Amino acid sequence: MTGVSSVSSVSSVPAPAPAGAVAQAAPVTPAVAQVVDPKVAEAAKGFEAVFMTMLADEMFKGTEITSGNPMYSGLMTQQFGSAMADSGGLGLAAMLTKQLGGEA
């Protein structure tokens with residue numbers, strides 16, 4: 001036989017996972033926790049609140065909620081946007097804080 005070598009041990013090859021099994025990844029641990037400037041975090045959260053307010057304002061246009069007094073509907077959408085940002089929002093504040101904090 002030309003160029004064919006027999007392999008006596010195949011123990012170094014891992015066995016395939018059974019059908020339907022989900023591979024579990026090793027837990028990811030951050031190497032070093034960075035301290036984020038509170039002013040950066042506050043600015044990022046404020047930016048997300050403004051963005052969410054603009055989004056809520058557009059969503060509520062033409063509905064019964066905003067058909068009343070424009071001053072109250074503006075205050076309502078502002079509070080709604082701030083509440084959405086405070087509860088996590090779209091994650092925009094976290095991404096901005098990470099990028100502006102130098103972790104990007």
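General remarks:
- Identity of the residue in the stretch 76-104, touching a residue at least 40 places away in the same chain (Cβ under 8 Å) and in a loop (DSSP other than H, G, I, E, B), that ends up nearest to residue 41 (Cα to Cα): 101
- Odd one out for residue 73 among (1) more than 30 Å from residue 101 (Cβ to Cβ); (2) outside any helix (DSSP H, G or I); (3) in contact (Cβ under 8 Å) with a residue 12 or more places away in the chain: (2)
- Filter result (among the acidic types (Asp, Glu) and assigned to a loop (DSSP other than H, G, I, E, B)) within the stretch 36-69: 37, 64
- Near pairs, Cβ below 7 angstrom, 6+ apart or cross-chain, from the stretch 44-66 (free of Cβ contacts under 8 Å to residues at least 12 places away in the same chain) to any residue that is surrounded by 14 or more Cβ atoms within 10 Å (Cβ to Cβ): 65/73; 65/76; 66/60; 66/73
- Of all residues in the stretch 48-104 being surrounded by 14 or more Cβ atoms within 10 Å (Cβ to Cβ), modelled with pLDDT under 85 and of a type in the set (Gly, Ala, Ser), the one that is nearest to the chain's Cα centre (by Cα): 89
The values are calculated or read from the model by the stated rules, or taken from the named source; none is laboratory data. Computed from a predicted structure; not experimentally measured. Every residue, glycine as well, gets a Cβ built from its backbone with ideal geometry; the counts of neighbours run over all protein chains shown.
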